[in-house]
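Notes for the one structure printed next.
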Amino acid sequence: MAQLVPPHGSPTLKPLLAPEPDRAAGLEQAKSLKAVPLSSREVSDLFMFAMG
């Protein structure tokens, strides 16, 4: 992910990515979270909300 697209709106915005050592722990923790079934329409809506 070294070549990210520059953020919109301000040159001071920074992507918040988990440091490499914390990433594995986060993925393990995510496995214990409850899954929420979504239709393809709901997934699309979720992506739209996330992107603003």
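Observations on the structure shown:
- Cβ pairs under 7 Å, 6+ apart, first in region 22-38 and of a type outside the set (D, E, K, R), second surrounded by 10 or more Cβ atoms within 10 Å (Cβ to Cβ) and in a helix (DSSP H, G or I): Leu38/Leu46
- Any hit, region 1-13, residues being at pLDDT 75 or above and surrounded by 10 or more Cβ atoms within 10 Å (Cβ to Cβ): no
- Taken over region 14-52, the criterion of being surrounded by 10 or more Cβ atoms within 10 Å (Cβ to Cβ) and hydroxyl-bearing (Ser, Thr, Tyr) is satisfied by Ser44 alone.
- Region 31-52: number of residues that are part of a helix (DSSP H, G or I) and farther than 28 Å from His8 by Cβ: 1
The values are calculated or read from the model by the stated rules, or taken from the named source; none is laboratory data. Everything numeric here is computed off the predicted structure, so don't read it as measured data. Glycine also receives a Cβ, built like all others from the backbone with ideal geometry; neighbour counts cover every protein chain displayed.
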